[in-house]
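A quick write-up on the structure given underneath.
The values are calculated or read from the model by the stated rules, or taken from the named source; none is laboratory data. Note that the structure is a prediction, hence the values are computed from the model and not measured. Virtual Cβ from ideal backbone geometry, glycine too; neighbours counted across all protein chains shown.
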Amino acid sequence: MQHGGHGHGADKYCPKCAAVLEERTIKHGEPRRLVCVACGFVFYLDPKVAACTISTLEGGIVLLRRGIEPCVGKWVFPGGFVDRGESVPAAAVRETLEEVNLRVSLTGILDVYSFPGQDVVVIVYAADVVGGELQAGDEAEEARAFPPEQIPWEDLAFESTRAALKDYLHRFFPRVRIEQGGAASRSPEAPSRSPK
């Protein structure tokens with residue numbers, strides 16, 4: 001879900017006049033932009049937006065093992081790119097159904113994640129499962145609900161996956177402690193307070 005930089009074939013030619021694009025500094029302090037050498041059109045490389053959900057099922061956090069690149073074989077929560085004209089919440093719900101066969105109701109935005117050098121902005125919602133049966137969609141190798149202490153930290157796909165899961169555990173499972181390397185354990189004093 002996260003890629004970087006220029007160099008894609010579509011970024012070589014002006015979409016208005018088909019002349020060559022070249023990198024130029026337009027404003028001091030801003031990133032270099034692609035500019036048409038013939039007509040001066042500025043081609044802005046805007047980030048892609050991904051919409052995702054984190055939910056629990058029978059006390060476990062729903063994750064899927066990616067069956068496609070990038071990061072094939074690594075674990076993520078359900079999510080994917082927002083289609084042009086689609087609302088971000090609708091995309092999160094749609095992607096969850098497509099990827100793990102669960103219908104969800106969004107309870108709120110967990111956070112928005114973006115990192116320097118990466119061209120994807122990831123919007124993650126906390127969600128309640130309201131229907132469906134957990135199973136891997138066609139872009140996943142498997143789908144499972146992991147107890148918070150058993151999240152496969154060493155096999156997570158993206159930086160945003162790790163950051164959002166830490167935020168989710170902090171908010172909804174405050175007794176689960178995440179150690180430096182990512183391993184989690186539960187403090188014995190109190191039970192968790194899962195979102196539903």
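Of the residues making up the range 150-172, those that are buried (at least 21 other Cβ atoms within 10 Å of the Cβ) and not aliphatic (A, V, I, L, M) number 4. Gln2 meets the conditions (1) within 15 Å of the chain's Cα centre (by Cα); (2) surrounded by 17 or more Cβ atoms within 10 Å (Cβ to Cβ); (3) modelled with pLDDT of 95 or more in every case but one. The failed one is (3).
For the range 128-166, a tally of residues being in contact with a helix residue (DSSP H, G or I) (Cβ under 8 Å, 6 or more places away or on another chain) and either hydroxyl-bearing (Ser, Thr, Tyr) or part of a strand (DSSP E or B) (or both) returns 4. Ile178 falls short on exactly one of the conditions (1) of a type in the set (A, V, I, L, M, F, W, C); (2) under 19 Å from Gly59 (Cα atoms); (3) at pLDDT 95 or above, and that condition is (3). Residue check, Gln118 against (1) closer than 21 Å to Ala50 by Cα; (2) at pLDDT 95 or above; (3) not in a strand (DSSP E or B), all met but one. Which one? Unmet condition: (2). From the list Val49, Val42, Val76, Val20, the lone residue that is touching a residue at least 12 places away in the same chain (Cβ under 8 Å), of a type outside the set (Asp, Glu) and closer than 19 Å to Leu134 by Cβ is Val76. Determine whether Ile123 is in a strand (DSSP E or B) and surrounded by 18 or more Cβ atoms within 10 Å (Cβ to Cβ). The answer is yes for Ile123.
Mind checking which residues of the range 88-100 are in contact with an Asp or Glu (Cβ under 9 Å, 6 or more places away or on another chain), closer than 12 Å to Gly132 by Cβ and crowded, with 17+ Cβ neighbours inside 10 Å? If the condition is that a residue be in contact with an Asp or Glu (Cβ under 9 Å, 6 or more places away or on another chain), closer than 12 Å to Gly132 by Cβ and crowded, with 17+ Cβ neighbours inside 10 Å, then Glu99 is the only one that fits.
Scanning the range 67-100 for residues that are assigned to a helix (DSSP H, G or I) and among the polar types (S, T, N, Q) turns up just one, Thr96. Selection of first residues in the range 106-124 that are within 14 Å of Phe81 (Cα to Cα) and of second residues that are aromatic (Phe, Trp, Tyr), restricted to Cβ pairs under 7 Å at least 6 apart or on distinct chains, gives the following pairs, ordered by first then second residue: Val122/Tyr113; Val124/Tyr113.
With respect to the conditions (1) among the charged types (D, E, K, R); (2) surrounded by 15 or more Cβ atoms within 10 Å (Cβ to Cβ); (3) assigned by TED's automatic domain parsing to the domain that holds Ala140, Arg33 lacks only one, and its number is (3).
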